[in-house]
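The structure under discussion appears below in the form of structure tokens.
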Amino acid sequence: MEYNMKMEITPSEYKILIVDDVMSNVLLLKVLLTNEKFQIVTANNGTEALQKVETENPDLILLDVMMPDISGFEVAQRLKDNPATIDIPIIFLTALNSTTDVVKGFQVGGNDFISKPFNKEELIIRVTHQLSLVAAKRIIMAQTEELKRTIVGRDRLYSVIAHDLRSPIGSVKMVLNMLILNLPSSMIGPEMYELLTMANQTTEDVFSLLDNLLKWTKSQIGRLKVVYQEVNVVEVLESVIEIFSVVAGMKNITLKFEPTSCLEVYADIDMVKTVVRNLLSNAIKFSNTNSEIVISVGEKDDMAVISVKDSGCGIDESDQKKLLHSDTHFTTFGTNNEEGSGLGLLLCLDFVEKNGGKLWFTSSKNTGSTFYFSIPLLK
């Protein structure tokens, strides 16, 4: 059997427990492995071996199969039954070569076999191989723990940033909304009005980003639960459309919504509003001035289907595959060079799926896009 080295190890950093009731075997193994700079601990029987494992915490055990008190197979079984010692690799030392014994050894948790009499090169290769696996596993565990800490820290940072900034930005947004409604261009001049319009749009975008960031972070760390309730989806759409009518008006865009029926769904109303808000925001961003956005709602297969259709710049066919995938994090600029984060659609996808629905879209370059999402109807 050939072994490839998994990684380089420093022998002096690893402790090996040698267990054999034949003292000459113990001494031989000790000399061979000490020469390789390994730390060595010895035991003369199974009972002593179990005690040494507890006190010495070895990285590897060379375990004789045939011993007078407790067999090597039984010692291995006890070690594998103990959560504290289950991961210590065991190489059986045996003069037995039958298939039954080999199978038994692996069944009780053995990692390898070395036949007596020992071959020095084989011994060192097998021992080093097992310890290289131990080293690799420890590195992976350490990196996993570091990654967990990094993710926790990142999510905490995102949450703090979004939460602490959302409130003051919200206040600035309301002030700018009031100013732009009460200070027409004729009063403050076209240049100042344009600056005020830009500031208002910027704060709207920043507030939306912070709101998405806060909700996305909470969703990813499991702190955002779905609260199902009976929801009139038409009323939800009307409330969001009313809010966005001002934003759309700045680009002379008409929001058209003519519901033909009242649909009740069973969903989280805040999540539904967030999805509609993001889809409408995107539609306005990618629509041309003096155009129309059509919002529709219908039902199909026990689902309410909501669509937001624009006649804007559309999406290249090559770029369509990048949407709705967190690994690509695709984003682009709107018709007035509005900048996006790419987070809104990912949040929509997450929220729709959490409510038992689906999100999809159709789009053609320079023709427009239609985004759809479905929500289960109230039964």
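The values are calculated or read from the model by the stated rules, or taken from the named source; none is laboratory data. Here the structure is a predicted model, which means the values were calculated and not measured. Counting neighbours? That spans all protein chains shown, and the Cβs are built from the backbone with ideal geometry, glycine included.
Scanning the range 218-258 for residues that are in contact (Cβ under 8 Å) with a residue 40 or more places away in the chain, charged (D, E, K, R) and over 17 Å from ASN282 (Cβ atoms) gives LYS218, GLU230.
Out of contact with any Gly (no Cβ under 8 Å at 6 or more places or on another chain) and buried (at least 21 other Cβ atoms within 10 Å of the Cβ): is that true of ILE9 in this structure? The answer is no for ILE9.
Checking SER261, SER281 one by one, the residue that is of a type in the set (Ser, Thr, Tyr) and free of Cβ contacts under 8 Å to residues at least 40 places away in the same chain is SER261 and no other.
Among residues belonging to the range 37-65 that are of a type outside the set (A, V, I, L, M, F, W, C) and more than 43 Å from the chain's Cα centre (by Cα), point out the one that is surrounded by the most Cβ atoms within 10 Å (Cβ to Cβ).
Start the filter on the range 37-65 by keeping residues that are of a type outside the set (A, V, I, L, M, F, W, C), which leaves 37, 39, 42, 44-48, 51-52, 54-59, 64.
From what is left, the residues that are more than 43 Å from the chain's Cα centre (by Cα) are 42, 44-48, 64.
Numbers: THR42: 18, ASN44: 18, ASN45: 16, GLY46: 23, THR47: 13, GLU48: 17, ASP64: 26.
Applying the filter and picking the extreme gives ASP64.
A single member of PHE92, PHE118, PHE113 is part of a strand (DSSP E or B), surrounded by fewer than 21 Cβ atoms within 10 Å (Cβ to Cβ) and either assigned by TED's automatic domain parsing to the domain that holds VAL26 or at pLDDT below 90 (or both), and it is PHE113.
Within the range 160-178, being among the hydrophobic types (A, V, I, L, M, F, W, C), within 16 Å of GLY249 (Cα to Cα) and surrounded by 14 or more Cβ atoms within 10 Å (Cβ to Cβ) holds for one residue alone: LEU176. Going by what's in this entry, would LEU63 be described as in a helix (DSSP H, G or I) and within 21 Å of TYR14 (Cα to Cα)? Considered against the rule, which asks whether it is in a helix (DSSP H, G or I) and within 21 Å of TYR14 (Cα to Cα), LEU63 comes out as no. Filter the range 242-257 down to residues that are of a type in the set (A, V, I, L, M) and over 36 Å from the mean Cα position of the chain (by Cα) and give me whichever is surrounded by the most Cβ atoms within 10 Å (Cβ to Cβ). Step by step, filter the range 242-257, then rank; the result is ILE253.
Please find, among ALA43, ALA95, ALA49, the residue that is among the hydrophobic types (A, V, I, L, M, F, W, C) and out of contact with any helix residue (DSSP H, G or I) (no Cβ under 7 Å at 6 or more places or on another chain). Quick ask: steps written out before the conclusion?
Working: ALA43 fails: out of contact with any helix residue (DSSP H, G or I) (no Cβ under 7 Å at 6 or more places or on another chain); ALA49 fails: out of contact with any helix residue (DSSP H, G or I) (no Cβ under 7 Å at 6 or more places or on another chain).
From the options ALA43, ALA95, ALA49, the qualifying one is ALA95.
Working only within the range 173-188, note down all residues that are closer than 19 Å to THR202 by Cα and of a type outside the set (A, V, I, L, M, F, W, C). Talk me through it step by step, then tell me what you get.
Narrowing the range 173-188 to residues closer than 19 Å to THR202 by Cα: 173-185.
LYS173, ASN177, ASN182, PRO184, SER185, listed by residue number.
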